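Visitor: Sharing a structure below in structure tokens format, with a few things to ask.
The values are calculated or read from the model by the stated rules, or taken from the named source; none is laboratory data. Small disclaimer: the values here were computed from a predicted structure and weren't measured. Ideal geometry is used to build each Cβ from the backbone, glycine not excepted, and the neighbour counts take in all protein chains shown.
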Amino acid sequence: MIARVTNQKAWFMVLPVILLVAFNAVIPLMTVVNYSVQETFGNNVFFWEGFRWYEEVLNSERFHASMLRQIIFTSIILLIEIPLGIAIAMTMPRKGLGATLCLVLMSLPLLIPWNVVGAMWNIFALPEIGLLGHVVNSMGIDYNFTQQPISAWITIIAMDVWHWTSLVVLLSYAGLSAIPEAFYHAAQIDTATKWQIFRYIQLPKIKHVLTIAILLRFMDSFMIYTEPFVLTGGGPGNSTTFLSTDLVKIALGQFDLGPAAAMSLIYFLIVLLLCWVFYTLMMRNEEQ
Amino acid sequence: MKRLTWIVPTLYIIFLMLPIYWLVNMSFKTTNEILGTFSLWPQNFTFDNYIKIFTDRTWYQGYINSLSYVFMNTVISVTAALPAAYAFSRYKFLGDKHLFFWLLTNRMAPPAVFALPFFQLYSASGLFDTHLAVALAHCLFNIPLAVWILEGFMSGVPRELDETAYVDGYSFWRFFIKIFLPSIAAGIGVAAFFCFMFSWVELLLAKTLTSVDAKPIAATMTRTASTAGYELGLLSAAGTLTIIPGAFVIYFVRNYIAKGFAMGRV
Amino acid sequence: MAEVRLQQIRHSYNPDAGEKTEYALEKIDQVWEDGGAYALLGPSGCGKSTLLNIVSGLLQPTEGKVLFDNNDVTSRTPDQRNIAQIFQFPVVYDTMTVYDNLAFPLRNRKMGNAEIEERVKTVAEMLDLTASLNQRASGLTADGKQKISLGRGLVRSDVNIMMFDEPLTVIDPHLKWQLRTKLKKLHRQVGFTMVYVTHDQTEALTFAEKVAVMYEGEVVQFGTPEELFLKPNHTFVGHFIGSPGMNFLPCELDGGFPVFNGNRIKISAPVSQPETTKKMELGVRPEFVKIDANGFPVNINRIDDVGRYKIVKVENSGHYFNVYVPEELEIPSENMHVSFDPENTHIYCDGWLHDKKESS
């Protein structure tokens, strides 16, 4: 294929994109940076505060607590969804009506508005009224996600697994489908075991899609807001308040512009940093 | 051992369908019945919840609003992304790699960070509570995604096609619209699908930027949950209805779902 | 190494279609001798890959049997048949080194480490891979990877038959020749029964001792390259082999001799009148068409100068055919006449060679 041609006029072609994204990204970010170093008591009067908000946020117990909960949540999510997604993709039919049916049904959770996901699980898990709540309680287990932190955590994790595992499945499935039959034939002729086939053929071949899946799941779970908020509101107490939930509470609830802005930037930077790390690892893997 | 592997996807699908079934189940019950008895299917089957939604303007308007801005966003995102993706795919220009990376970072922005600034920005621009506001706001993460997907597909089309068209006398835009776009039709479909998906499901920004006129169905639902205090039947019906557009879209692209993930970038 | 027998093989991908069943393989009966080098030659869709997969056990034939040294292996899976197969594009275990790739089948068969090392080193030497033994397999070029695939088949001593399914497809043109020569050398060294599937006649004719030409699910001829060239069994073989292929002209029989457009053509011996024929043709390769003042007239349509020879396309009564003219010979500018070499002119009835002599 002919290599790319240097053409500065290409800037005109990217102009609409730059304008639209910059309008949404640059101006708000500037606003946030602005707020993060100032204090206001209303009436649009601002006082320079320097790094005070940053220090406050970074030292606050509340921030540490949310951060810790966020890290635990994201870790558990990744540990469950990635292997589960791969396992399901491996056991799915490869072609025919069964394959289409599976793909369509599995994609459904991905297209449900996030607040509906939260509401759906809310209704589903309610102790008396919900199917899950009723069944679990009738088995003798005391389960009430509105009152017990552990139950709330389990329910949120179950909800996220329900919601997003399909993404991992779809990506893994695409990766597995791309493996030519000849590899399986050759492995059969080499008398390889199922485990060897997984380890030496399947896993290496889906490395690329898997990295994307892990990156996406990591990012999105780290920024999660709507579903847990609708399900538990961050409670009971603040046992399920993750970073985004906390931030929105401070920003839109309390209108503490300064701390909210500082926290926003810290949050954004953490996400960017972790993504950059992932991205670099991914690229390095590609080169090998 | 091989015979039993179908159990895994089957169990998973059952797991996926359970909450949805429960939601649909509840949508056909009155709130009284829901609170009163526990049953796997409606004892007193009723369409009341659905009727209320279809006849009450505050309700059905929510759907119309949501679908409007989602549609607008998809059109804007894909249209803007097409020439940009082409540029990234075909040309080298000053700062191209950095620009691309900057675009991708926007996909990684936590919406929570932007909630307040967006509120102020769009109020200041006079766009508060319009469909356009949400459509534009969603561009923040949809455009980078669309550019990313389209660039992948476009790179799969050999440059020789472009060259041949020029030699044959096509002007750039005629070539782009009549020849190039059809050759990446699948890519446009995938990009549009993802734009639709992310815009349709997003709540935080959509709620923040609207109040009355452009209120999405998500906002109507959450407002009902808190103020009228648990009209569960109604909520269930509203929720069930939001699943339908998604189901439709999946059905239409069913043949491309796995392929779409596979082609282009992946 | 083993003798491979294919008995009455028929295969359909859709066997339950009853009357309308389409057979990918019609009726295959073949014997491949122990240690021989064979080729399956034919265009896409002729069934050669299907046949290969039946021999390797990746496919179960709808009808018929596969025998290795007179043992019926038809129901056995590939790993039970002790075969080796090299595919169209390289199949290597990317994450392993070249050494581990070659050792893989041996380790699975629980061979001792010392023995494995010996065999791997021997095979690596054969394939010029010794230098890359400790490299990761993913880092090699396409032809290097194909050599690994090849090597995994060669390391095993118990291979009954080694099969190649268009193995040079992804190899760079200038390396193809190298690999081809290497394969032939390997065959002489190792002595496995080898079957090479391709649609490229050069590959087939240079590799194999005997070639099975396949067309629409049947083996239309199984013979040495010479036989295929000089006496094609079927018009398809005539078309497919040789460049350009054999010429075919419609004819009638008169007293056992073909007559083309009123011209009697001499052949080595008169043939009997066939029972019922819809289409009768005479076939003669361009190489055996001579410029001959005593022959019948033709009009020159086109001359292609290929360098050391020319191909002249001529026409008579609306039918076109090619004449191979060596460089030195002059082509008459007008009034060209040609005749056919009697030894190498054949009659074809409905596509098949008809050489039954006149019964006296």
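Matching residues to (1) within 18 Å of residue C:228 (Cα to Cα); (2) at pLDDT below 90; (3) in the same structural domain as residue C:247 (by TED's automatic domain parsing):
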position: C:326; (1), (2), (3): no, yes, yes
position: C:338; (1), (2), (3): no, yes, yes
position: C:342; (1), (2), (3): yes, yes, yes
position: C:360; (1), (2), (3): no, yes, no
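Visitor: Residues C:168, C:133: which one is touching a helix residue (DSSP H, G or I) at 6+ places or on another chain (Cβ under 8 Å), among the hydrophobic types (A, V, I, L, M, F, W, C) and over 29 Å from residue C:5 (Cβ atoms)?
Guide: Exactly one residue qualifies, and that residue is C:133.
Visitor: Looking at region A:228-273, which of its residues are farther than 14 Å from residue A:36 by Cα and at the interface with chain B (Cβ under 9 Å from one of its Cβ atoms)?
Guide: A:229, A:230, A:243, A:244, A:245, A:246, A:248, A:252, A:271, A:272 - these are the residues of region A:228-273 that are farther than 14 Å from residue A:36 by Cα and at the interface with chain B (Cβ under 9 Å from one of its Cβ atoms).
Visitor: Right, next: Checking the condition touching a strand residue (DSSP E or B) at 6+ places or on another chain (Cβ under 6 Å) and either at pLDDT 85 or above or not basic (Lys, Arg) (or both), which residue from C:26, C:33 passes?
Guide: Unique residue meeting the criteria: C:26.
Visitor: Among A:226, A:193, which is the only one that is more than 22 Å from residue A:81 (Cα to Cα) and hydroxyl-bearing (Ser, Thr, Tyr)?
Guide: A:193
Visitor: Something else now. Quick one: would you say residue B:143 is of a type outside the set (S, T, N, Q) and facing chain A (nearest Cβ under 8 Å)?
Guide: Criteria met by residue B:143.
Visitor: Looking at B:219, B:238, B:206, which one is in contact with a His (Cβ under 9 Å, 6 or more places away or on another chain), assigned to a helix (DSSP H, G or I) and facing another protein chain (nearest Cβ under 10 Å)?
Guide: After applying the criteria, what remains is B:206.
Visitor: Out of the residues in region B:146-167 meeting the condition of being over 26 Å from residue A:28 (Cα atoms) and among the small types (Gly, Ala, Ser), tell me which one is farthest from the other protein chains (Cβ to nearest Cβ).
Guide: Out of the qualifying residues, it is B:165.
Visitor: Testing residue B:61 on (1) buried (at least 16 other Cβ atoms within 10 Å of the Cβ); (2) part of a loop (DSSP other than H, G, I, E, B); (3) not hydroxyl-bearing (Ser, Thr, Tyr), one condition comes back false. Which one is that?
Guide: Going through (1) buried (at least 16 other Cβ atoms within 10 Å of the Cβ); (2) part of a loop (DSSP other than H, G, I, E, B); (3) not hydroxyl-bearing (Ser, Thr, Tyr) one by one, residue B:61 breaks only (2).
Visitor: Failed condition for residue C:158, given (1) part of a loop (DSSP other than H, G, I, E, B); (2) more than 12 Å from chain A (Cβ to nearest Cβ); (3) over 19 Å from the mean Cα position of the chain (by Cα), with all others met?
Guide: (2)
Visitor: Scan region A:152-173 and report the pairs whose first residue is closer than 16 Å to residue A:211 by Cα and whose second residue is outside any helix (DSSP H, G or I), with Cβ atoms within less than 6 Å and a gap of 6+ or a chain change.
Guide: Close Cβ pairs (under 6 Å, with a partner that is outside any helix (DSSP H, G or I)) amount to A:172/A:206.
Visitor: Here's something else I'd like to know. Given the conditions (1) surrounded by 16 or more Cβ atoms within 10 Å (Cβ to Cβ); (2) in contact (Cβ under 8 Å) with a residue 60 or more places away in the chain; (3) touching a helix residue (DSSP H, G or I) at 6+ places or on another chain (Cβ under 8 Å), and given that residue B:181 satisfies all but one, which numbered condition is not satisfied?
Guide: Looking at each condition in turn, residue B:181 falls short on (1).
Visitor: Out of all the residues in region C:307-327, is one or more more than 25 Å from residue C:237 (Cα to Cα), outside any strand (DSSP E or B) and among the acidic types (Asp, Glu)?
Guide: So far as region C:307-327 goes, yes, one or more of its residues are more than 25 Å from residue C:237 (Cα to Cα), outside any strand (DSSP E or B) and among the acidic types (Asp, Glu).
Visitor: OK, next. Name the one entry in B:92, B:97 that is touching a strand residue (DSSP E or B) at 6+ places or on another chain (Cβ under 9 Å) and free of Cβ contacts under 8 Å to residues at least 60 places away in the same chain.
Guide: After applying the criteria, what remains is B:92.
Visitor: Follow-up question, since we're still on this one. Determine whether residue B:92 is more than 27 Å from residue B:196 (Cα to Cα) and outside the structural domain of residue B:181 (by TED's automatic domain parsing).
Guide: No.
A quick yes/no check of all residues on (1) more than 30 Å from residue B:235 (Cβ to Cβ); (2) of a type in the set (D, E, K, R); (3) more than 7 Å from chain A (Cβ to nearest Cβ); (4) exposed (fewer than 13 other Cβ atoms within 10 Å of the Cβ):
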| site | (1), (2), (3), (4) |
| --- | --- |
| B:22 | no, no, no, no |
| B:28 | no, no, yes, no |
| B:35 | no, no, no, no |
| B:70 | no, no, yes, no |
| B:90 | yes, yes, no, no |
| B:94 | yes, no, no, yes |
| B:103 | yes, no, no, no |
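Visitor: Please find, among A:177, A:151, the residue that is out of contact with any Phe, Trp or Tyr (no Cβ under 7 Å at 6 or more places or on another chain) and surrounded by 17 or more Cβ atoms within 10 Å (Cβ to Cβ).
Guide: Result: A:177 is the single residue among A:177, A:151 that is out of contact with any Phe, Trp or Tyr (no Cβ under 7 Å at 6 or more places or on another chain) and surrounded by 17 or more Cβ atoms within 10 Å (Cβ to Cβ).
Visitor: Next question. Going residue by residue through region B:178-191, is there one that turns out to be within 11 Å of chain A (Cβ to nearest Cβ) and under 23 Å from residue A:18 (Cβ atoms)?
Guide: no
Visitor: Right, something else. Would you mind telling me which numbered condition in (1) within 30 Å of residue C:111 (Cβ to Cβ); (2) surrounded by fewer than 19 Cβ atoms within 10 Å (Cβ to Cβ); (3) among the small types (Gly, Ala, Ser) residue A:140 fails?
Guide: Status for residue A:140: all satisfied but (1).
Visitor: Which ranges mark the helices (runs of 4 or more DSSP H) fully within region A:1-117 that have 3 or more residues being under 24 Å from the mean Cα position of the chain (by Cα) and touching a residue at least 24 places away in the same chain (Cβ under 8 Å)?
Guide: Counting at least 3 such residues, we get A:61-91, A:97-107.
Visitor: Within region B:98-172, which helices (runs of 4 or more DSSP H) (wholly inside it) include 3 or more residues that are small (Gly, Ala, Ser) and more than 18 Å from residue A:14 (Cβ to Cβ)?
Guide: Answer list for region B:98-172: B:111-124, B:131-155.
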